Amino acid sequence: MKASWKRWIFGIVLPLLLILFLYLLQMILMHFPSIGEAYAKSGFIVFSYIPAKISSLVPISLTEVFIVTLVFSSPLLIAWLVIRIRRAVKEKSGKKFFFNFGRVVAWVLFSLYTIFMLLHGLNYTRYSLDDKLGFGQRKYSVEELMEVTEWVISELNSAREACAEDENGVMTYPGGVPHLLSDMEDIYEDASKKIPQIKGVSARPKNVMLSHYWSYTYITGMYFPFFVEANINTDVTFAEMIYTICHEMSHLHGYAVENDATLAGLLVALSSDCPEVRYSGLREALELILMDLAIAFNNDSEGLDEFMRAHPVHLGYFRDSEAINNYWDSIDPPKIVSDVSSATNNAFLKANQQKDGVKSYNMPTSIMADYYFTFVKGES
């Protein structure tokens, strides 16, 4: 009897308790971001380095291969499991079979959860990037926000003028998707030299061959920690794709929280010398600063309109925006698909101590003003 209990404890109970321990550890470390920060700058880099470099050597998305293989092999695995259960019951060895099966499942789940925590989960516990940069600590006047907006529009117009265009006048990337994915690793590394807070292990982002079908979930990118791989939906327009790459590569660099990854991606894009990458960041910057400016103008919509008329945006910006809208209008997936996708992502984020769920993608206010007065004017 004692031996039997030991088998159950070490075979099934122990791995389940270890999973619970890791979950509680993540929850506790949320209150000690200095530990999470230390891990992100040391342990995470050590554990992610080799898989990231191996992933970069493979030209296709390992994540996509894994998921497609899993989907097509699932019926066979289920059929095999049913046959094994029936055989075990017939041979009156069901208890032994279920114990052995449960033991394998429990230890596999623990192993996967451990890998997830080492390569992503513990990074949720580090300091937020905006805190590290000193952002969000001051309020800005209408005049200051107008100054920032003028700068953003001016920079956006200059970058857009230098961007490559397709036959429809929509922004593209020289050499197409292959060159973009190949260049982005170096572009990110160059940015991290200018902004050391985002420095980390880098790897080439991967093209998802089934990107068009992936769009039906409204997902444009995904970091898969088990392969330390940034997967990109390459069916979307370049204006949207490039910024997505910056975001997903920020997860790879150790920023798990979504708005941290978005901010890191914004910093990468804005510091880039590549006009297409810089333009993609300035598009996001314009959206952010206009939200702040609209709030600052309060009910004075006429004043805001007058300001915008005095600072026109490059016509190419509107062609790109129209192309983005046309693309998503052409997808138009069933509502249940987008609802399931959003609910799944929301549950995943909340399971990793992100109480706001999918709302954690939202950027903190005043980000662009903070960036401008810190990095452009040097008034930290």
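Table: residues versus (1) of a type outside the set (S, T, N, Q); (2) more than 32 Å from the chain's Cα centre (by Cα).
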site	(1), (2)
Ala264	yes, no
Val268	yes, no
Glu276	yes, no
Ser280	no, no
Ala285	yes, no
Leu290	yes, no
Asp300	yes, yes
Phe307	yes, yes
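Within region 9-35, if we keep just the residues that are out of contact with any helix residue (DSSP H, G or I) (no Cβ under 7 Å at 6 or more places or on another chain) and farther than 30 Å from Lys132 by Cβ, the residue that is surrounded by the most Cβ atoms within 10 Å (Cβ to Cβ) turns out to be Leu14. Residues being in the same structural domain as Met368 (by TED's automatic domain parsing), aromatic (Phe, Trp, Tyr) and either touching a Ser or Thr at 6+ places or on another chain (Cβ under 7 Å) or surrounded by 12 or more Cβ atoms within 10 Å (Cβ to Cβ) (or both) are entirely absent from region 101-123. I need the full set of residues from region 124-141 which are buried (at least 17 other Cβ atoms within 10 Å of the Cβ) and part of a helix (DSSP H, G or I), in order please. Tyr124, Thr125, Leu129, Asp130, Leu133, listed by residue number. When the test is whether a residue is over 30 Å from Gly200 (Cα atoms) and assigned to a helix (DSSP H, G or I), Asn325 passes it.
How about region 116-159: which of its residues are of a type in the set (Val, Ile, Thr), farther than 28 Å from Gly254 by Cβ and touching a helix residue (DSSP H, G or I) at 6+ places or on another chain (Cβ under 6 Å)? Result: Val142, Val148, Thr149.
Of all positions in region 78-86, none carries a residue that is in contact (Cβ under 8 Å) with a residue 24 or more places away in the chain and either more than 19 Å from His251 (Cα to Cα) or within 21 Å of the chain's Cα centre (by Cα) (or both).
Okay, residues lined up against (1) among the β-branched types (Val, Ile, Thr); (2) within 15 Å of Pro275 (Cα to Cα):
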| residue | (1), (2) |
| --- | --- |
| Glu167 | no, no |
| Leu180 | no, yes |
| Ala191 | no, yes |
| Lys199 | no, no |
| Ala203 | no, no |
| Val208 | yes, no |
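Taking each residue of region 360-380 that is at pLDDT 90 or above and looking for partners that are surrounded by 14 or more Cβ atoms within 10 Å (Cβ to Cβ) and of a type in the set (Val, Ile, Thr) with beta-carbon atoms closer than 6 Å, six or more apart or interchain, yields Met368/Val148; Met368/Ile289; Ala369/Val148; Tyr372/Val148. Can you tell me which residue among Ser55, Ser74, Ser111 is in contact with a Phe, Trp or Tyr (Cβ under 6 Å, 6 or more places away or on another chain) and either closer than 28 Å to Tyr23 by Cβ or in a helix (DSSP H, G or I) (or both)? Unique residue meeting the criteria: Ser55.
Only one of the numbered conditions (1) touching a residue at least 60 places away in the same chain (Cβ under 8 Å); (2) within 14 Å of the chain's Cα centre (by Cα); (3) farther than 28 Å from Ala38 by Cβ is not met by Asn233, and that is (1). Note on region 192-301: enclosed helices (runs of 4 or more DSSP H) holding 2 or more residues that are crowded, with 24+ Cβ neighbours inside 10 Å and not assigned by TED's automatic domain parsing to the domain that holds Phe66 are 238-252, 258-271, 275-297. Leu304 falls short of the stated requirement of being in the same structural domain as Gly175 (by TED's automatic domain parsing), part of a helix (DSSP H, G or I), at pLDDT 90 or above and touching a helix residue (DSSP H, G or I) at 6+ places or on another chain (Cβ under 9 Å).
The values are calculated or read from the model by the stated rules, or taken from the named source; none is laboratory data. In this text the structure is predicted, and so the values were computed from the model without any measurement. Cβ atoms come from the backbone with ideal geometry, glycine included; neighbour counts cover every protein chain shown.
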